[in-house]
């Protein structure tokens with residue numbers, strides 16, 4: 001007969017064995033918290049540029065993904081091609097080839113450590129993509145993550161609004177134990193208006209993240225009725241107002257792309273409501289923020305130094321590209337002291353060559369393609385709408401990459417690779433659901 005003490009011990013052991021470890025949604029949630037809440041200039045000083053908490057977690061996530069892939073039994077029979085994952089592997093291969101090539105030549109001392117850190121950054125970005133791609137296998141868990149991301153995005157936009165109306169950075173006083181501040185996070189100004197940045201490195205990065213998160217917020221607000229109206233629409237209102245007040249051409253272009261993709265899929269009633277809200281919002285901004293309308297019009301009607309810098313970058317990029325056209329000079333080694341291109345595609349062609357640039361574009365194109373293609377598997381909302389949502393987010397992010405050196409900004413590139421992974425996860429979930437409906441094994 002078992003003693004009471006032994007019985008309690010066996011019960012504790014049984015409960016311990018039944019505990020489930022964190023799933024992919026939990027890991028990505030923590031990645032998003034570290035990415036958006038911790039200011040981008042905070043990190044572990046001893047690790048240099050690789051000391052970002054979000055990227056350190058992403059490296060651990062990559063190892064976690066690899067361990068699970070090793071433990072997973074081989075699947076019998078033909079399997080569908082995972083285009084996003086394949087493109088990510090090719091991208092990693094191109095970056096490794098570029099790194100190997102750079103190791104065979106005499107690099108300036110300033111570039112050697114940058115090349116090492118660049119390879120770690122690639123591992124982090126691809127790691128979070130793979131965890132999202134292969135780890136999210138159920139519709140309900142995907143929607144849980146979407147709800148969390150929309151809440152984070154609303155709070156992120158709200159911080160930017162507070163910065164705009166107070167004129168204070170606010171985040172420069174945050175003290176996070178164990179992390180050192182580089183001091184390069186703060187608000188800017190343009191046309192006499194404050195340019196908010198929230199916790200981002202630059203106001204432009206802040207605007208890019210907002211444009212990529214808006215499609216999720218819109219879809220969740222329209223189709224997901226599991227939350228209150230305030231929780232659904234607050235992120236939409238905060239992000240839309242923040243994007244308008246960001247004084248950023250890139251933000252307006254990305255928002256226009258998002259709306260062009262999403263509006264045709266809305267019902268006439270939703271389109272009329274959206275048009276009314278946008279009109280009221282435009283009038284409110286015109287009245288409440290005098291001079292903003294003129295500043296926005298001037299950004300597109302008048303040329304400035306930033307536009308000239310971007311257009312003049314093509315000739316310089318070509319001269320660097322011709323030195324090593326196929327695999328480039330090493331990821332991250334084209335330092336701002338050489339030239340600020342303000343175009344990630346040009347920078348990637350120089351750093352990882354044409355092979356690397358094509359593989360980066362392949363990630364973007366394949367993510368958009370599988371998200372749109374998977375919509376045909378079923379009609380239930382909001383999952384059916386999520387296909388265009390993911391595609392719109394990827395398009396917004398990829399357009400923004402043409403206006404700044406995105407890989408130097410952790411929130412922007414981290415968000416893009418995360419959304420690419422979600423596109424692959426969405427496609428897998430929809431295909432699985434269709435197979436079950438059709439009675440396939």
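So, in region 311-357, exactly how many residues are assigned to a helix (DSSP H, G or I), within 15 Å of residue 398 (Cα to Cα) and in contact (Cβ under 8 Å) with a residue 40 or more places away in the chain? Selection size over region 311-357: 4. The condition of being in a loop (DSSP other than H, G, I, E, B) and modelled with pLDDT under 85 holds for residue 106.
Looking at this structure, is residue 361 out of contact with any helix residue (DSSP H, G or I) (no Cβ under 6 Å at 6 or more places or on another chain) and either surrounded by fewer than 20 Cβ atoms within 10 Å (Cβ to Cβ) or part of a helix (DSSP H, G or I) (or both)? Yes; evaluated as a whole, the condition is true for this residue. Is at least one residue of region 158-169 in contact with a helix residue (DSSP H, G or I) (Cβ under 6 Å, 6 or more places away or on another chain), within 30 Å of residue 366 (Cα to Cα), touching a residue at least 40 places away in the same chain (Cβ under 8 Å) and assigned to a helix (DSSP H, G or I)? No, region 158-169 has no match at all. Per the listing 252, 234, the residue uniquely under 25 Å from the mean Cα position of the chain (by Cα) and at pLDDT below 90 is 252.
No other residue among 185, 244, 258 is within 23 Å of residue 397 (Cα to Cα), at pLDDT below 85 and part of a helix (DSSP H, G or I) apart from 244.
When region 282-298 is filtered for residues that are in contact with a strand residue (DSSP E or B) (Cβ under 8 Å, 6 or more places away or on another chain), surrounded by 13 or more Cβ atoms within 10 Å (Cβ to Cβ) and either modelled with pLDDT of 60 or more or more than 21 Å from residue 165 (Cα to Cα) (or both), the ones remaining, listed by number, are 289, 292. For region 398-414, the count of residues that are modelled with pLDDT of 90 or more, at negative phi, more than 15 Å from the chain's Cα centre (by Cα) and not in a loop (DSSP other than H, G, I, E, B) is zero. Within region 35-64, which residues are modelled with pLDDT of 90 or more and over 19 Å from the mean Cα position of the chain (by Cα)? Passing the criteria: 63, 64. Looking at residue 279, is it over 20 Å from residue 394 (Cα atoms) and either in a helix (DSSP H, G or I) or modelled with pLDDT of 80 or more (or both)? Yes.
The values are calculated or read from the model by the stated rules, or taken from the named source; none is laboratory data. On a predicted model such as this, the values are computed, not experimentally measured, just so you know. Neighbour counts run over all protein chains shown; Cβ positions are idealised from the backbone, glycine included.
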